[in-house]
Amino acid sequence: MLEFQKKRKVRRWLYSNWTVGVLLLLLLLGGDAVWKIYQKEAVSRANLVEAQKELERLKVRQNDLTQSVDRLRTPAGIEEEIRNKFSVVKDGEQVAIIVDSQNVATVTPPQAKEETFWQKMVRWFH
């Protein structure tokens, strides 16, 4: 009988409003912590995807720059770069400028204005 009373006392304590309230509060606090961790994990996953895209972009850029440097290490590449940047020619070469006939704007000389009477008078006295 004593054992039965101990069990009853433990059950009454476990099912009391205070115990249920404390357990519910612990459940809510734990759930909130789990939710915050889930949100951080989602942000981290998105950052990882973005970082991987940036890494791929940088690898492509590195490859392009490596090819440019390799091209500039050759005499032909150096000459091409100098010609593009500074518009120079070698001795004995001439520059030809090809103009598309459709894009040529015709320039008409400005027409001389007829002098006024007073302008003629001023010119006559000078």
Task: Cross-chain or 6+ apart pairs with Cβ under 8 Å, region 89-103 first and free of Cβ contacts under 8 Å to residues at least 12 places away in the same chain and under 17 Å from Glu79 (Cβ atoms), then of a type outside the set (Ser, Thr, Tyr) and surrounded by 10 or more Cβ atoms within 10 Å (Cβ to Cβ) - done: Val89/Arg83
Task: Filter result (surrounded by 10 or more Cβ atoms within 10 Å (Cβ to Cβ) and acidic (Asp, Glu)) within region 1-33 - done: Asp32
Open item on the list: Could you go through region 52-59 and let me know if any residue there is polar (S, T, N, Q), loosely packed, with under 10 Cβ neighbours inside 10 Å and on the phi < 0 side of the Ramachandran plot.
Closed with: no
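Quick note: the coordinates plus some simple rules give every number you see, no bench work behind them. As the structure is a prediction and not an experimental result, all values here were calculated from the model. Note that each Cβ is placed from the backbone with ideal geometry, even for glycine, and that neighbours are counted across all protein chains shown.
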